[in-house]
Amino acid sequence: NPRTRRMKKYSPEAFKFYMEQHVENVIKGYKARTSRRWQLEQEMNKFSLNDASKSEMRKMLFQKESNYIRLKRAKIDLSMFDMI
Amino acid sequence: MCKICVLRFKMSFLFSNRHNKTFKPHKSIPEGSHQHELMRHAAATLGSGNLQLAVALPEGEDLNEWIAVNTVDFFNQINMLYGTIAEFCTPTKCEVMSAGPKYEYHWADGVTIKKPIKCSAPRYIDYLMSWVQCQLDNEEVFPSAVGVPFSKNFMSIAKTILKRLFRVYAHIYHQHFSDVMGLGEEAHLNTSFKHFIYFVQEFNLIDRRELAPLQELIDKLISRDKEKYK
Ligand SMILES: [Zn+2]
């Protein structure tokens, strides 16, 4: 038999709160990411970078964004947060 | 400092002030507390903002990375959601894993259980969620360290995960919607499911025939948004 884990019970309040926060964060995250991308273009124009440097900087931002979402997925030990 | 260094330095600031927002403990919110009041207020704004825009692959992002982070999110939502109605989903009330009278699911994972077995819904969902958890915890499938690449079969595993998670939504909608209403969480379920559907449709992750048990609802949720954001 495969390993199973009895399904944990959650309070509806916890689920609702989680969802409300989550939807807000999804929209906020989307806007923030779009705005970082835009800010970078603004800054690069200010510094009048050449095309090669510009594309280098964009790559750097994409990499940072990508690393950031990977870290979001990193396993978080819930017990660490009990102290707060 | 050269121009590039200045920009690099600035770029790091684009990311600051975010890391403390990525996790908010939400484990125990006592009834009647201030937070509980806040939650009630927030309910009205649930679903504001167009989730369809937010599912698209961001410029420059790796498709696997994007699918991975979203899959983990959907798993967490479904896990909590089912946890709220688990007490109503018993082997006697839900003898088989079904989504309405027309659809019945039998469990097989292709590894430990090769021949599909007919089992109760709680048992099936237990198998299913344990199997998904196992995939998410597997560093070879879902690498969590920065720089580790995804395996070649990542996409096919992700598709199987999402196809199976869909069945939990389907069971809840068909067999437990009155329980969901009783708990007053139907707006939350709808929002979670709508986001899920936008996501799987954007990248064609689930076959249309798998979605059949909830097709009507899907059409309804999406047409309502089309009205709202046209
Ligand atoms: Zn059930």
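Readers should treat all values here as calculations from the given coordinates under stated rules, not as data from a laboratory. Everything quoted here is computed from the prediction, not taken from an experiment. All Cβ positions, glycine included, derive from the backbone under ideal geometry; neighbour counts span all protein chains shown.
Brief remarks follow.
- The convex hull around the C-alpha trace of segment B:158-225, projected and averaged over every direction, spans 4.4 square nanometres.
- Convex hull of alpha carbon positions in segment A:24-68: directionally averaged projected area 3.1 nm².
- In this structure, the residue pairs whose Cα-Cα separation is over 18 Å, taken from A:Lys16/B:Lys220; B:Lys163/B:Lys220; A:Lys72/B:Lys152; B:Lys163/B:Lys228; A:Lys46/B:Lys3; B:Lys194/B:Lys226, are A:Lys16/B:Lys220; B:Lys163/B:Lys220; A:Lys72/B:Lys152; B:Lys163/B:Lys228.
- P(r), alpha carbons of segment B:96-230 - 10 Å bins starting at zero, rounded %: 10, 36, 35, 16, 2
- As a rough guide to protection, the peptides B:79-85, A:35-41, B:184-190, B:154-160 ranked by mean Cβ packing within 10 Å, highest first, stand as B:79-85, B:184-190, B:154-160, A:35-41.
- Counting only lysines at least 8 places from A:Lys9 when in the same chain, those with an alpha carbon closer than 16 Å to its own are B:Lys27.
- Cα centroid separation - segment A:5-73 against segment B:58-114, whole Å: 26 Å
- The charge dipole of segment A:1-67, taken about its Cα centre with unit charges on the Cβ of Lys, Arg, Asp and Glu (plus for the first two, minus for the last two), comes to roughly 520 debye.
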